[in-house]
Structure formats: C-alpha cells, structure tokens
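Asks: Would you mind keeping the following structure in view while I ask a few things?
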Amino acid sequence: MNAALTRCPVCQSELTVAKLHCQSCDTTIEGRFNFGPFAHLTADQLDFIVTFVRCEGKINRMEPELNLSYPTIRNRLVEVIRVMGFEPGKEETIELNDQARRSVLEDLNTGKISADAAMKLLRGVEE
C-alpha cells in the first residue's frame, strides 16, 4: 500500500482525509481527519523514529545499529523534532558518556564536524 499524500500536488497546501473505508466489511466513514503529528516526516525520518523507540530513546544503542556517530544521530533527532513543529531548547545540556566523547573527537579528527561544533557537543550545549 502506498503512503498517503499529505500535501496537494497542485498548490502544496495540506491535505485532509475525507473518507475512510474498511475493505473487510465495506464500512465507509466520511468526515475531516488529520494525518497526525508524524504526517510530515519522510520515510527515512519515520524509520529513524522506529529505531529510536526500539532502542528506548538511547542514542548510544542507536549508534551501532545505524552505523552513525552520536552527533549525527542527535542532529537527525533535532531535525525530526523541528519537522514535527517543536523547537529543541537552546540552553539544554546533554550528558555525554566516554564513548560519545570519543565519537565527537573522532568526528573532529576526520573533519566531519568543526572544532566549534565539537566544543559545543563536548560541553553538552545544544546548538
């Protein structure tokens, strides 16, 4: 089954569901229904959320499963939060364990992140 469209292909306005149909008993329900808070997420972002939930929100458990560094996973989480219409706190601090700190330093060493970004991550300050 294809994913439902959430935006009008002509004008890009948000679409609403107007009819629901049960193929089993042939019941049809008409009205206006919204798609919910996950409607604007891409398939990759939804997969990320499924992994996040399966790992009980523990980014350290997600690292080996996604083969991504702690900062990359954190950035993807922030992206999903923003797509859902929320803004992560700018003054929020994050506790990094030794493995996460090593990951940040490795990303800095390989040029994946800047020195400024590494310092913020090591201090536990959200960007």
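No value in this document is a laboratory result; all are computed from the given coordinates. Quantities reported herein were computed from a predicted structural model and do not represent experimental measurements. With ideal geometry, Cβ positions are generated from the backbone for all residues, glycine too; neighbour counts draw on all protein chains shown.
Asks: For segment 1-109, which chymotrypsin sites (Phe, Trp or Tyr not before Pro) pass both filters: DSSP loop (anything but H, G, I, E, B) and at most 14 other C-beta atoms within 10 Å?
Replies: PHE35, PHE38, PHE86
Asks: Something else: Which whole-angstrom value gives the distance between the alpha carbon centres of segment 44-64 and segment 4-28?
Replies: 29 Å
Asks: Continuing with this model, one more query. Expected output is a single nm value to one decimal: the length gained when fully extending between THR51 and PHE35, i.e. 0.36 nm times separation in residues minus the C-alpha distance. What is it?
Replies: 3.6 nm
Asks: Taking the chain as a Gaussian network, Cα atoms linked when under 10 Å apart, which of LEU77, LEU20, LEU46 shows the biggest mean-square fluctuation?
Replies: Sorting by GNM fluctuation, first place goes to LEU20.
Asks: Now, a different point. How far is helix 70-83 tilted off the main Cα axis of the chain, in degrees rounded to 10, range 0 to 90?
Replies: 30 degrees
Asks: With a 10 Å cut-off between alpha carbons and a GNM built on the chain, which of GLN45, GLN99, GLN23 moves the most?
Replies: In the Gaussian network model the winner is GLN23.
Asks: Placing +1 at every Lys and Arg Cβ and -1 at every Asp and Glu Cβ, with all other atoms neutral, what dipole size does the chain have around its Cα centre, in debye to the nearest 20?
Replies: Here the chain has a charge dipole of around 80 debye.
Asks: Scan (1) -0.42, -0.71, -1.00, -1.15; (2) -0.55, -0.82, -1.10, -1.25; (3) -0.34, -0.64, -1.00, -1.18 for the value of log10 I(q)/I(0) by the Debye sum over Cα atoms at q = 0.11, 0.15, 0.19, 0.21 Å⁻¹ calculated from this model and give just the label.
Replies: This structure yields the entry labelled (2).
Asks: Tell me, what is the FRET efficiency for LYS112 and THR42 to the nearest 0.05, using R0 = 22 angstrom and their Cβ-Cβ distance as r?
Replies: Efficiency at R0 = 22 Å is approximately 0.50.
Asks: Right, here's the next one. Sum up the lysine pairs in segment 4-127 that clear both bars: alpha-carbon distance under 29 Å and a spacing of 8 or more or different chains.
Replies: Taking the Cα cut-off of 29 Å, the pair count is 6.
Asks: OK, next. So what is the relative contact order of the chain, in percent, for Cα pairs below 8 Å that sit 6 or more residues apart?
Replies: With pairs under 8 Å counted, the relative contact order is 16 percent.
Asks: While we're on this one: Connecting C-alpha atoms closer than 10 Å in a GNM of the chain, tell me which of THR28, THR110, THR16 has the biggest fluctuation.
Replies: It is THR28.
Asks: For a quick check of your reading of the filter: which trypsin sites (Lys or Arg not before Pro) in segment 1-83 sit in a DSSP loop and have no more than 11 other Cβ atoms within 10 Å?
Replies: LYS58
Asks: Using R₀ = 35 Å, calculate the FRET efficiency as 1/(1 + (r/R₀)^6) where r is the Cβ-Cβ separation of LYS58 and VAL10; round to 0.05.
Replies: Calculated transfer efficiency: 0.25.
Asks: Which of the GluC sites (Glu not before Pro) found in segment 15-76 are loop residues per DSSP with 14 or fewer other Cβ atoms within 10 Å of their Cβ?
Replies: Within segment 15-76, the qualifying GluC sites (Glu not before Pro) (loop, at most 14 other Cβ atoms within 10 Å) are GLU56.
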